[in-house]
Amino acid sequence: MSKLAHAQWSSKMTFVLAAAGSAVGLGNIWKFPYMVGESGGAAFVLVYLVCIGLIGLPILIAEWLIGRRGQENPINAMADLAKRGGHFPAWVAVGISGVLGGFLILSFYSVIGGWSLYYTLGSVTGNFSGKDADGIGAVFTGMLGSPGLLLLWHTAFMVLVIGIVARGVTNGLEGAVRTLMPALVILMLVLVGYGITTGHFGEALAFMFSPDWGAVNGEVVLAAMGQAFFTLSLGMGIMMAYGSYLGEDVNLLSTARTVILLDTVIAVLAGLAIFPIVFANGLDLDSGPGLIFVTLPLAFGNMAGGTILGLMFFLLLTFAALTSAISLLEPAVEFMEERTSLSRVAATATCGIGVWLLGILALLSFNLLGDFLILGFNIFDLLDNLTSKILLPLTGLGAVVFAAWCLDRQGVAQELRLSGGAESLWVVVARYIAPLGVIAVFVNSLVG
Ligand code: PFF
């Protein structure tokens, strides 16, 4: 596709919806609560919120700036911008590692998307009704123990992703995001309401917001920063790719605030929905990736209208996962389409099948390959840790350093509609606070 023909978002709203669709996903509802549970609660939450504000916000804007100027896939955009500005050609590495990160993440993301599909079906067939915590836990461990079942649902999820991406990024999804995102927020509020009726809401609130600072160590801070990158879809070229479809009229700062607020509200609501159920049923706080797949079916099995609410919840979760998954595949597809002679459909199929194959290794970590460890991690955990804790922060660091130090300061100020003190603040945050923050977290996690 030539630069001139490069598509544009049909409107500002469309862009906000697509960016929010990418950000809000399994990271908010599945991953955030279990990481809070594993990492000791409020201390993690507060470090996470600081990372979102001081690191996530500037990096999100940096990625959009680069994408909008480059008007191409992340790899070409970085290569072109570096060349135009007379900077090291090596900056292209930021684009490459972004595209690679999206590819690696989607492989395990799709496995969890598959769980969500399976639970959607399970809600319809009454698989969870009338079961106690042990019964619900057995459904989950039964699923993990069956490679065939996991493969079936991972495949179904990837087929959906490939089908949608092959049709092109601007086709059709925005309308769905516009309706379904508010529906998701309302349903989360209903679940928080249920959490209040368990009588353990206060305990959950304290767990999430009353910190035990003694629990903070390098590992917790690194996990919180990784989660901030993951949840905002940063460091993967995705926001750069989306920025490349962006017209000049969009206000990046206010759009970033909107996306971040929505993303954070949904994650916090997920925590407030889940922890009361954990406390009420004496479940393990650190039960890991299974946390929502055990707690929420338990709640749905015990509340009036639980079957229909359960169905709606898992449908919406699947939908949120799909809109994020699409954005994970998009940069790689965009790159292949623009660099090779492959058609969009062929490029999507090629990338999608690669992701699907890697996903098979990830899903086997829960059963046949459970004992196969690399650096002490099974393949699923390795993909997750390698991307969230290393690849995404490093790529995001590269993006913010490039945007803040290599793009012309005046042009960026105009583009962000900033002047005076606000512009200086942007420069301080983007040039120093965000990059040094990322580096400090790395160093801190290495020493302890
Ligand atoms: N941000 C999405 C979530 O929180 O589920 C997932 C995601 C999408 C992660 C895109 C990474 C990404 F590049």
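The values are calculated or read from the model by the stated rules, or taken from the named source; none is laboratory data. Not measured: the values here are computed from a predicted model. Glycine gets a Cβ as well: all are built from the backbone with ideal geometry, and neighbour counts include every protein chain shown. Heavy atoms of the whole protein, side chains included, go into the accessibility calculation; ligands, DNA and RNA do not. Shrake-Rupley method; radii C 1.70, N 1.55, O 1.52, S 1.80 Å.
Between a residue in the range 374-397 that is aliphatic (A, V, I, L, M) and any residue that is open to solvent by 60 Å² or more (accessible area, probe 1.4 Å) and in a helix (DSSP H, G or I), which pairs come within a Cβ distance under 9 Å, given they are 6 or more apart or on different chains? Here the result reads Ile379/Leu361; Leu383/Leu361; Leu391/Leu100; Leu397/Ile439, each pair linking the range 374-397 to a residue that is open to solvent by 60 Å² or more (accessible area, probe 1.4 Å) and in a helix (DSSP H, G or I).
Scanning the range 421-432 for residues that are modelled with pLDDT of 95 or more and among the polar types (S, T, N, Q) turns up at least one hit.
Being more than 14 Å from the ligand (Cβ to nearest atom), surrounded by 15 or more Cβ atoms within 10 Å (Cβ to Cβ) and either at negative phi or assigned to a helix (DSSP H, G or I) (or both) holds for only one residue in Leu246, Leu262, and it is Leu246. From the list Val99, Val111, Val94, the lone residue that is under 28 Å from Ser22 (Cβ atoms), modelled with pLDDT of 95 or more and within 16 Å of the ligand (Cβ to nearest atom) is Val111.
Checking the structure you have, find out if any residue of the range 181-199 is under 24 Å from Ile326 (Cα atoms), part of a helix (DSSP H, G or I) and free of Cβ contacts under 8 Å to residues at least 24 places away in the same chain. Looking for residues that are under 24 Å from Ile326 (Cα atoms), part of a helix (DSSP H, G or I) and free of Cβ contacts under 8 Å to residues at least 24 places away in the same chain, one finds at least one in the range 181-199, hence yes.
The selection criterion, being of a type outside the set (Lys, Arg) and touching a residue at least 40 places away in the same chain (Cβ under 8 Å), does not hold for Leu261. Where residues in the range 371-406 are in a loop (DSSP other than H, G, I, E, B) and either crowded, with 22+ Cβ neighbours inside 10 Å or among the aliphatic types (A, V, I, L, M) (or both), which of them is farthest from the ligand (Cβ to nearest atom)? The extreme case among them is Leu373.
The number of residues in the range 409-448 that are touching a residue at least 12 places away in the same chain (Cβ under 8 Å) and either open to solvent by 10 Å² or more (accessible area, probe 1.4 Å) or part of a helix (DSSP H, G or I) (or both) comes to 24. Residue count for the range 210-243 under the criterion of being within 15 Å of the ligand (Cβ to nearest atom) and either of a type outside the set (Gly, Ala, Ser) or touching a Gly at 6+ places or on another chain (Cβ under 7 Å) (or both): the result is 17.
Kindly indicate whether Phe300 is in a helix (DSSP H, G or I), touching a residue at least 40 places away in the same chain (Cβ under 8 Å) and within 16 Å of the ligand (Cβ to nearest atom). No, not satisfied. In the range 116-139, which residue that is within 15 Å of Leu317 (Cβ to Cβ), in contact with a helix residue (DSSP H, G or I) (Cβ under 8 Å, 6 or more places away or on another chain) and among the hydrophobic types (A, V, I, L, M, F, W, C) is surrounded by the fewest Cβ atoms within 10 Å (Cβ to Cβ)? Ranking the qualifying residues of the range 116-139, first place goes to Val124. Residues that are closer than 23 Å to Thr318 by Cβ, surrounded by fewer than 15 Cβ atoms within 10 Å (Cβ to Cβ) and either among the aromatic types (Phe, Trp, Tyr) or over 15 Å from the mean Cα position of the chain (by Cα) (or both): does the range 203-211 have at least one? No, there is no match, as no residue in the range 203-211 is closer than 23 Å to Thr318 by Cβ, surrounded by fewer than 15 Cβ atoms within 10 Å (Cβ to Cβ) and either among the aromatic types (Phe, Trp, Tyr) or over 15 Å from the mean Cα position of the chain (by Cα) (or both). For Val159, the criteria (1) open to solvent by 50 Å² or more (accessible area, probe 1.4 Å); (2) touching a residue at least 12 places away in the same chain (Cβ under 8 Å) hold in every case but one, which is (2).
Here is a check on your reading of the model: is Pro289 within 16 Å of the ligand (Cβ to nearest atom), in a helix (DSSP H, G or I) and under 17 Å from Phe140 (Cα atoms)? When the stated conditions are applied, Pro289 passes them.
Residues in the range 294-325 that are hydrophobic (A, V, I, L, M, F, W, C) and open to solvent by less than 10 Å² (accessible area, probe 1.4 Å): Leu296, Leu298, Ala299, Phe313, Phe314, Leu317, Ala320, Ala321, Ala325. Scanning for something more than 22 Å from Ser123 (Cβ to Cβ), in a helix (DSSP H, G or I) and modelled with pLDDT under 95, does the range 308-326 turn up at least one residue? Within the range 308-326, one or more residues are more than 22 Å from Ser123 (Cβ to Cβ), in a helix (DSSP H, G or I) and modelled with pLDDT under 95.
Among the residues of the range 242-273, those that are modelled with pLDDT under 95 and in contact with a Ser or Thr (Cβ under 8 Å, 6 or more places away or on another chain) comprise Tyr242, Tyr245.
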